[in-house]
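What follows is calculated from the coordinates using simple rules that are stated; it is not laboratory data. Quick caveat: nothing in here was measured; it's all calculated off a predicted structure. Heads up, the Cβs are rebuilt from the backbone with ideal geometry, glycines too, and the neighbour counts pull from every protein chain shown.
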Amino acid sequence: MIQVEQLTKRYGERFAIENVSFQVAKGEVVGFLGPNGAGKSTTMRILCGILGPTSGRAMVDGQDVLEHPGEVKQKIGYLPEVPPVYPTMTVSDYVVFAAKIRAVKDPGAAAARAMKRVGLDAVSHRIIGHLSKGYRQRVGIAQALVHDPKVLVLDEPTSGLDPAQRKEIRELLGELAEGERTVILSTHVMAEIEAVCQRVVIISQGRIVAQDRIDALSGGTNRVKLRVARPDARLDGALRAVAGVVDVVAQADGSLLLSTQEDVREQVARAAVDFGLIELSPGSRLEDVYLNLTRGGGE
């Protein structure tokens, strides 16, 4: 559905991106992961026909973005990092306006469907500027969905949100990713990638440094963070005896980081309860891979 080939964008002597290539299949949800300044937004803007490349090409559903800009834009729903909303309009008026721009046949009905899908029914009459940032983000997602696009391109959809708002938007993205719609999600937040994406493309300093399924990149292992009230030398042996635990590493803060081949948190909890279990939380092997690949890759 999305095909990017040797995409390069240069400003004078500076490369924003260089020889970027990746593909996203129909119905696939892919995370576009990288530090701030790595080239994520530049790639997204080229893909959506907002910015022209210096060289290379981007195709959506078999059509070149430069050669068929109008047709491609009808197939894409785009949410930039800053939602393109008008703060003085009501939610309903704005989403209807977005539907009209997209030349939707029944703008009112399309807007109503989009607002319901993202949970805006209760605030449809409110002025956008009076809403919380979380709801303004939902308005931005509604305008991206209003024409029922085949492809969703979301650039940092939870940027600047508090933890509760981030969780709400993440759950919404999980729902939107279901079905045959193709989604590419740009972020540097590991939890979003692991919650909704099937595959990840990692970019650093304008170049693709890795792309694969998340489980393949993480080496097929999971991480579990463990903290107990009464540390004891016997705990290490008890944890290593749990089937599926590959390694146990003590951390500087007194916690233990377990590498596991499967989800064994229940068994680990049983082994640790006699030592005063305080914390048992999932860790992220993908985060380690990401940091190793992008170290020094920010602005």
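Could you pull out every residue, at least 5 positions away or on a different chain, whose amide H is within less than 5 Å of the one on S186? Hs are placed 1.01 Å off N in the peptide plane, and Pro or chain starts have none.
Sorted by chain and number, the residues that satisfy this are F32, L154, D155, E156.
For the chain, calculate the relative contact order in percent as a whole number, restricting contacts to Cα pairs under 8 Å that are 6 or more residues apart.
Contact order relative to length: 21 percent.
Tell me the mean residue ellipticity at 222 nm calculated for the chain from its helices only (DSSP H runs of n ≥ 4, each -39500 (n - 2.57), averaged over every residue, nearest 500).
After summing the helix terms and dividing by residue count, I get -9500 deg cm²/dmol.
Taking H as built 1.01 Å from N, whose amide H comes closer than 5 Å to the amide H of G77, not counting residues under 5 places away?
HN-HN under 5 Å from G77: V151, L152, V153.
Calculate the dipole size of the stretch 222-283 relative to its Cα centre from +1 charges on Lys and Arg beta carbons and -1 charges on Asp and Glu beta carbons; express the result in debye to the nearest 20.
Dipole magnitude for the stretch 222-283 comes out near 60 debye.
Size of the dipole of the stretch 2-217 about the Cα centre, Lys and Arg at +1 and Asp and Glu at -1 on the beta carbon, nothing else charged, in debye to 20?
In total the dipole reaches around 440 debye.
For the chain, build the charge dipole from Cβ charges (+1 Lys, Arg; -1 Asp, Glu) around the Cα centre, then report which of Q165, A272, Q205 sits farthest towards its positive end.
Q165
If r is the Cβ-Cβ distance from Q23 to E287 and R0 is 22 Å, what FRET efficiency results, to the nearest 0.05?
That gives a FRET efficiency of 0.35.
Using the Cα centre of the stretch 123-170 as the reference point, and only Cβ charges (+1 on K/R, -1 on D/E), how large is the resulting charge dipole? Debye, rounded to the nearest 20.
Magnitude of the dipole: close to 120 debye.
Would you mind putting 176-185, 61-70 in packing order, based on average other-beta-carbon counts within 10 Å, highest first?
176-185, 61-70
Throw me the Rg/Rh for the chain, computed over C-alpha atoms with Kirkwood Rh, two decimals.
Checking Rg against Rh, the ratio lands at 1.04.
Tell me, what ³J(HN,Hα) does each residue in the stretch 86-99 have, in order and in whole Hz, if you take phi through Karplus 6.51 cos²θ - 1.76 cosθ + 1.60 with θ = phi - 60° and put x for Gly and Pro?
With coefficients 6.51, -1.76 and 1.60, one gets 9, x, 8, 8, 6, 4, 4, 4, 5, 5, 5, 4, 4, 5 Hz.
What list of ³J(HN,Hα) values in whole Hz, one per residue of the stretch 235-246 in order, does the Karplus curve 6.51 cos²θ - 1.76 cosθ + 1.60 (θ = phi - 60°) give from phi, with Gly and Pro shown as x?
4, 4, x, 5, 6, 5, 7, 6, 4, x, 7, 8
Using amide H atoms built in the peptide plane, which far-off residues or other-chain residues are under 5 Å from I17 H to H?
The answer is K9.
What does the highest-first list of 12-22, 144-154 look like by mean Cβ count within 10 Å?
Peptide ranking by packing, descending: 144-154, 12-22.
From the backbone phi of the stretch 100-107, what are the Karplus-calculated ³J(HN,Hα) couplings (6.51 cos²θ - 1.76 cosθ + 1.60, θ = phi - 60°) in whole Hz, Gly and Pro given as x?
The phi angles translate into 5, 4, 7, 6, 6, 4, 10, x Hz.
Farthest toward the dipole's positive end in the chain, which of S21, S186, Q74, given Cβ charges of +1 (Lys, Arg) and -1 (Asp, Glu) about the Cα centre?
Result: Q74.
What is the stretch 222-283 by shape, rounded, prolate or oblate, if you read a ≥ b ≥ c off the alpha carbon gyration tensor as root eigenvalues and call it rounded for a/c under 1.5, prolate for a/b larger than b/c, and oblate otherwise?
Cα axes put the stretch 222-283 in the rounded bin.
Sticking with the crude label model, points 7 Å out along Cα→Cβ, report the distance from R14 to A241 in nm, one decimal please.
In this crude spin-label approximation the distance works out to 5.9 nm.
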